[in-house]
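Participant: Got a structure for you, questions after.
The values are calculated or read from the model by the stated rules, or taken from the named source; none is laboratory data. All of these numbers come straight from a predicted model, not from anything done at the bench. Backbone-built Cβ (ideal geometry, glycine too); neighbour counts: all protein chains shown. With ligands, DNA and RNA removed, areas are computed over all heavy atoms of the protein, side chains included. Shrake-Rupley method; radii C 1.70, N 1.55, O 1.52, S 1.80 Å.
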Amino acid sequence: QVQVVEYGGGLVQAGGSLRLSCVVSGNRFSLSAMGWYRQAPGKQRELVAQTTSADSTNYADSVKGRCTISRDNTKNTMYLQMNSLKPEDTARYYCKTVIANLEDWGSGTVVTDTS
């Protein structure tokens, strides 16, 4: 029922910046939490950043100081601003939503950082 779609992936030169967007629709209840995850080839999916309705945020150690998560409740959209990109940031990035204690995931958007 809930639709989650990510935008903004692509090829980025090392040291560059990128902003990912996650648009949520079809939800009958308010978003309680949203987060960004990523999965590189041959590796497990990991948390990048997350935010709650209480405006708390949490970042993975690997992206602290380089990434900023934010949300626009009027647009039902979450963003991930990524700066100083590194080759290890190359992965498929997924948006996760929590609505009424139920999780929904987008299909992901690929970020490729060139060295």
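Participant: Specify the residue that is modelled with the lowest pLDDT; the eligible residues are those in segment 98-112 that are part of a strand (DSSP E or B) and open to solvent by 60 Å² or more (accessible area, probe 1.4 Å).
Facilitator: Leu102
Participant: Given the conditions (1) without any contact (Cβ under 8 Å) to a residue 24 or more places away in the chain; (2) charged (D, E, K, R); (3) in contact with a strand residue (DSSP E or B) (Cβ under 9 Å, 6 or more places away or on another chain), report the number of the one that Glu88 does not fulfil.
Facilitator: It fails just one condition, (1).
Participant: Next question. Could you please find all residues in segment 54-69 being under 24 Å from Pro87 (Cβ atoms), assigned to a strand (DSSP E or B) and either open to solvent by 80 Å² or more (accessible area, probe 1.4 Å) or of a type in the set (Ser, Thr, Tyr) (or both)?
Facilitator: Matches in segment 54-69: Tyr59, Thr68.
Participant: May I pose another question? Among the residues of segment 75-97, is any open to solvent by 50 Å² or more (accessible area, probe 1.4 Å), hydrophobic (A, V, I, L, M, F, W, C) and under 20 Å from Val111 (Cβ atoms)?
Facilitator: Within segment 75-97, none of the residues are open to solvent by 50 Å² or more (accessible area, probe 1.4 Å), hydrophobic (A, V, I, L, M, F, W, C) and under 20 Å from Val111 (Cβ atoms).
Participant: What pairs come up if the first residue lies in segment 26-46 and is closer than 17 Å to Asp113 by Cα, the second is part of a loop (DSSP other than H, G, I, E, B), and their beta carbons are under 8 Å apart, counting only those six or more places apart or on different chains?
Facilitator: Partner pairs satisfying both residue conditions: Tyr37/Arg45; Arg38/Arg45; Gln39/Arg45; Gln39/Gly108; Ala40/Thr90.
Participant: Further question on the same structure: Across segment 26-53, what is the number of residues that are open to solvent by 20 Å² or more (accessible area, probe 1.4 Å), among the aliphatic types (A, V, I, L, M), closer than 23 Å to Lys86 by Cα and part of a strand (DSSP E or B)?
Facilitator: 1
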